[in-house]
Protein chains: 2
Amino acid sequence: MKITVLTGGVGGAKFLLGVKAFLGWDPTGPGPDGDPGADQVTAIVNIGDDIRLHGLQVCPDLDSCLYTLSGVADTERGWGRKDETWTAAAELAAYGAEAPWFALGDKDIATHLVRTRMLDAGYPLSAVTAALAAKWRPGVTLLPMSDERVETHVVVADPTWTGPAGEAPDVALHFQEWWTRYRASLPAKAFLTIGSDEARPANGVLEAIAEADLILVAPSNPVVSIGPILAVPGIKEAVVAAKAPVVGVSPLIAGKPLRGHADACLQAIGVEVSAQGVGRHYGARSDGGLIDAFLVAEGENADVPGVRIGEAPLLMTDPSATAKMVHACLELTR
Amino acid sequence: MKITVLTGGVGGAKFLLGVKAFLGWDPTGPGPDGDPGADQVTAIVNIGDDIRLHGLQVCPDLDSCLYTLSGVADTERGWGRKDETWTAAAELAAYGAEAPWFALGDKDIATHLVRTRMLDAGYPLSAVTAALAAKWRPGVTLLPMSDERVETHVVVADPTWTGPAGEAPDVALHFQEWWTRYRASLPAKAFLTIGSDEARPANGVLEAIAEADLILVAPSNPVVSIGPILAVPGIKEAVVAAKAPVVGVSPLIAGKPLRGHADACLQAIGVEVSAQGVGRHYGARSDGGLIDAFLVAEGENADVPGVRIGEAPLLMTDPSATAKMVHACLELTR
């Protein structure tokens, strides 16, 4: 079976652990790496969070997948490497270098150095990601949604405004500045995916969608994780045209995200903060939307025209619990 | 008094500690930073050792000066920062990234990140160095010999050759590969300063030479520290034309360098490995050479036509001992 997952963020990486467990693989092992007859999982990963810091190209969602799926992520902190050190970050802060609110661990910096050097040498991000994966062996084929640069920016009232209240002009912040520096506390007026107009799907993305037996939309942030993927021209169309059923998973439990700021993001784009709201936002594939079925948390009410609704516990407490979510997704396609 | 020093390497940085002590300054303090009436020291620093590793522009000699003169160098190891960590280097090695023989400390990486980002943004190396110095306050104005890239390469018999002995073709290694990876153990056939033909002295270099009251040539490696500086068109000519006396200091004691591989370098270019050999290599300024006077170690015999010879203990055991060397240099000009 070929499973293709649209994903982003820490929740997306956790969901992929469950996909591996569902297939009977070691969640943090290399899977049937290289066995052509085996089940295959491809993750199409959001790069809208990517940011160039200190000259380094940082890809938080790709790295969350690489690190989580190979068992070297810091699962307590929720991002970055375990057993990390922070020497360079302290030194950069002492230099007064940019973005002290976005600390890069020393191990993490090594990844960014390798990536940035390869990108500067002309390799596309998909090839660079494959090279990094050759070391980490995440078991899952990780594809950036695009080899072009696409960055999510967030329109807010200028937080540095000192004039009369309510008259602050709009400014666009890089997603990471809004998310990490301001913890999504500034009301978002709009999300812009800079570069998406001219971006193309990365090598392998359209094939992974066309050849899939099952397409899953991870319980990632619909606006800033899944949204940027769908903003790359051709990807949404490929999903709509795919032969495989498409099942989404709600990122909300009891109307709230477990972590992250999906609620603030949904509000900003005028979507009701509920499983039903997200389901309707994705919409029925039969009606030009994204999904055929939608898995919501136990006890949630959701009515999404043209979309089959299933219920399951959505708490990703461990890979075996998450595997049951994947199983429930598959059941919804029968 | 304005003192200008041609310098490179760890020995050069130590010599500058002595220049600061000679002037009564705290050797690792900021000096009379910003006081226009005070004594001034300018170091014209070799950049031939510079290397781009992992996409980072590494300037070992400039950093030795920055760190040594501000008291944050690791004086036991002899290079880099004290209280350093090596997390990123271990990780880069695990990635199989380039040059595992050249480990970058995590604190050091922060410096290289700041530098590389400024260079990539278009600032000349002299401006970048001034920006770094604004943090470290070395007390001495540090000028790279050039804002252009000049790299020392070393011609050797190909060390990877597996054919018949003695028939290996010549290859040119980056200086750091020869020096650090092979510890200068491969017989050098020639030293090339790539880029020096078209390089120009960095901003401020010619002024620092023309306006000096005393010009010193540090006891640095004559071939690979002082040599590349003089290879930049205009610098040697400026020293020859300077109003100040020029005093060199021998890098050899009892015919040997205290550290580094000056002996191997001198042999490679056919210079006798002795104080006299180095003195004659520099040559009398009155005869188109570099120096008016030359300080050699106690008990060394040196006869350099047209150059006044002085003797002093040349062991730079601490800044006050080194200050006496500077004092002896000044005495030689009287």
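The values are calculated or read from the model by the stated rules, or taken from the named source; none is laboratory data. Please read these numbers as outputs of a predicted model, since none were measured by experiment. When we count neighbours, we look across all protein chains shown, and the Cβ atoms used for this are built from the backbone with ideal geometry, even at glycine.
Residue check, B:TRP25 against (1) in contact (Cβ under 8 Å) with a residue 12 or more places away in the chain; (2) assigned to a loop (DSSP other than H, G, I, E, B); (3) touching a Leu at 6+ places or on another chain (Cβ under 9 Å); (4) hydrophobic (A, V, I, L, M, F, W, C), all met but one. Which one?
Evaluating B:TRP25 over (1) in contact (Cβ under 8 Å) with a residue 12 or more places away in the chain; (2) assigned to a loop (DSSP other than H, G, I, E, B); (3) touching a Leu at 6+ places or on another chain (Cβ under 9 Å); (4) hydrophobic (A, V, I, L, M, F, W, C) leaves (3) as the failure.
Check B:GLY279, B:GLY270 and return the single one that is part of a loop (DSSP other than H, G, I, E, B), free of Cβ contacts under 8 Å to residues at least 40 places away in the same chain and of a type in the set (Gly, Ala, Ser).
The unique qualifying residue is B:GLY270.
Looking for something away from chain A (no Cβ under 13 Å), over 18 Å from the mean Cα position of the chain (by Cα) and surrounded by 22 or more Cβ atoms within 10 Å (Cβ to Cβ) - is there at least one such residue anywhere in region B:5-17?
No, there is no match, as no residue in region B:5-17 is away from chain A (no Cβ under 13 Å), over 18 Å from the mean Cα position of the chain (by Cα) and surrounded by 22 or more Cβ atoms within 10 Å (Cβ to Cβ).
Do we have B:GLY55 as within 14 Å of chain A (Cβ to nearest Cβ) and at positive phi here?
Yes.
For region B:127-157, which positions are crowded, with 20+ Cβ neighbours inside 10 Å, in a helix (DSSP H, G or I) and not hydrophobic (A, V, I, L, M, F, W, C)?
B:THR129 - this is the single residue of region B:127-157 that is crowded, with 20+ Cβ neighbours inside 10 Å, in a helix (DSSP H, G or I) and not hydrophobic (A, V, I, L, M, F, W, C).
Name the residue that is nearest to B:ILE269 (Cα to Cα), counting only residues in region B:160-196 that are hydrophobic (A, V, I, L, M, F, W, C) and in a loop (DSSP other than H, G, I, E, B).
That would be B:ALA188.
Restricting attention to region A:163-181, which residues are surrounded by 15 or more Cβ atoms within 10 Å (Cβ to Cβ), without any contact (Cβ under 8 Å) to a residue 60 or more places away in the chain and either of a type outside the set (Val, Ile, Thr) or under 23 Å from A:PRO124 (Cα atoms) (or both)?
A:ALA168, A:ALA172, A:LEU173, A:TRP178
Yes or no: region A:298-315 includes at least one residue that is hydrophobic (A, V, I, L, M, F, W, C), part of a loop (DSSP other than H, G, I, E, B), surrounded by fewer than 17 Cβ atoms within 10 Å (Cβ to Cβ) and at pLDDT 95 or above.
Yes, because at least one residue in region A:298-315 is hydrophobic (A, V, I, L, M, F, W, C), part of a loop (DSSP other than H, G, I, E, B), surrounded by fewer than 17 Cβ atoms within 10 Å (Cβ to Cβ) and at pLDDT 95 or above.
Would you mind finding the one in A:LEU186, A:LEU258, A:LEU266, A:LEU252 that is in contact with a Phe, Trp or Tyr (Cβ under 7 Å, 6 or more places away or on another chain) and farther than 22 Å from A:PRO144 by Cβ?
A:LEU186
Hey, any hits in region B:205-217 for a residue that's under 30 Å from B:ALA157 (Cα atoms) and surrounded by fewer than 22 Cβ atoms within 10 Å (Cβ to Cβ)?
So far as region B:205-217 goes, no, none of its residues is under 30 Å from B:ALA157 (Cα atoms) and surrounded by fewer than 22 Cβ atoms within 10 Å (Cβ to Cβ).
For A:ALA199, indicate whether it is assigned to a loop (DSSP other than H, G, I, E, B), touching an Asp or Glu at 6+ places or on another chain (Cβ under 6 Å), closer than 29 Å to A:LEU104 by Cβ and at pLDDT 95 or above.
yes
Which of the residues that make up region B:283-297 are at pLDDT 95 or above and in a loop (DSSP other than H, G, I, E, B)?
Correct list: B:GLY283, B:GLY289, B:LEU290, B:ASP292.
Quickly run through region A:132-154 and pick out the residues that are within 14 Å of chain B (Cβ to nearest Cβ) and of a type in the set (Lys, Arg).
Scanning region A:132-154 gives A:LYS135, A:ARG137.
Which numbered condition trips up A:LYS107, out of (1) out of contact with any strand residue (DSSP E or B) (no Cβ under 7 Å at 6 or more places or on another chain); (2) at pLDDT 95 or above; (3) of a type in the set (D, E, K, R)?
(1)
May I ask you to list the residues in region A:58-99 that are assigned to a loop (DSSP other than H, G, I, E, B), on the phi < 0 side of the Ramachandran plot, without any contact (Cβ under 8 Å) to a residue 60 or more places away in the chain and among the small types (Gly, Ala, Ser)?
Passing the criteria: only A:ALA97.
So which residues in region B:45-57 are within 14 Å of the chain's Cα centre (by Cα) and either of a type in the set (S, T, N, Q) or assigned to a strand (DSSP E or B) (or both)?
B:VAL45, B:ASN46
Looking only at region B:284-304, how many residues end up being farther than 19 Å from B:VAL5 by Cα and touching a Lys or Arg at 6+ places or on another chain (Cβ under 8 Å)?
1
Can you work out which of the residues in region A:62-78 that are within 22 Å of A:ARG183 (Cα to Cα) and surrounded by fewer than 19 Cβ atoms within 10 Å (Cβ to Cβ) is nearest to the other protein chains (Cβ to nearest Cβ)?
A:ASP74
Inspect all residues belonging to region A:290-305 and state whether any of them is touching a strand residue (DSSP E or B) at 6+ places or on another chain (Cβ under 6 Å) and farther than 30 Å from A:GLY234 by Cβ.
Yes, region A:290-305 contains a residue that is touching a strand residue (DSSP E or B) at 6+ places or on another chain (Cβ under 6 Å) and farther than 30 Å from A:GLY234 by Cβ.
Collect the residues in region B:316-334 that are outside any helix (DSSP H, G or I), modelled with pLDDT of 95 or more and not β-branched (Val, Ile, Thr), keeping them in residue-number order.
B:MET316, B:ASP318
With the requirement that a residue be at the interface with chain A (Cβ under 10 Å from one of its Cβ atoms) and either without any contact (Cβ under 8 Å) to a residue 24 or more places away in the chain or in contact with a Leu (Cβ under 6 Å, 6 or more places away or on another chain) (or both), what does region B:113-131 give you?
Residues satisfying the conditions are B:VAL114, B:THR116, B:ARG117, B:MET118, B:ASP120, B:ALA121, B:ALA131.
Against the condition in contact (Cβ under 8 Å) with a residue 24 or more places away in the chain, small (Gly, Ala, Ser), surrounded by 24 or more Cβ atoms within 10 Å (Cβ to Cβ) and in a helix (DSSP H, G or I), how does B:SER225 come out, does it pass?
Criteria met by B:SER225.
Given A:ALA264, A:ALA208, which one is in a helix (DSSP H, G or I), closer than 24 Å to A:TYR182 by Cα, out of contact with any helix residue (DSSP H, G or I) (no Cβ under 8 Å at 6 or more places or on another chain) and in contact (Cβ under 8 Å) with a residue 12 or more places away in the chain?
Result: A:ALA264 is the single residue among A:ALA264, A:ALA208 that is in a helix (DSSP H, G or I), closer than 24 Å to A:TYR182 by Cα, out of contact with any helix residue (DSSP H, G or I) (no Cβ under 8 Å at 6 or more places or on another chain) and in contact (Cβ under 8 Å) with a residue 12 or more places away in the chain.
Out of curiosity, is B:SER286 more than 23 Å from B:VAL155 (Cα to Cα), polar (S, T, N, Q) and surrounded by fewer than 20 Cβ atoms within 10 Å (Cβ to Cβ)?
Yes: the conditions hold for B:SER286.
If you take the residues of region B:98-112 that are within 9 Å of chain A (Cβ to nearest Cβ) and in contact with an Asp or Glu (Cβ under 9 Å, 6 or more places away or on another chain), which of them is surrounded by the fewest Cβ atoms within 10 Å (Cβ to Cβ)?
If we take residues in region B:98-112 being within 9 Å of chain A (Cβ to nearest Cβ) and in contact with an Asp or Glu (Cβ under 9 Å, 6 or more places away or on another chain), then B:LYS107 is surrounded by the fewest Cβ atoms within 10 Å (Cβ to Cβ).
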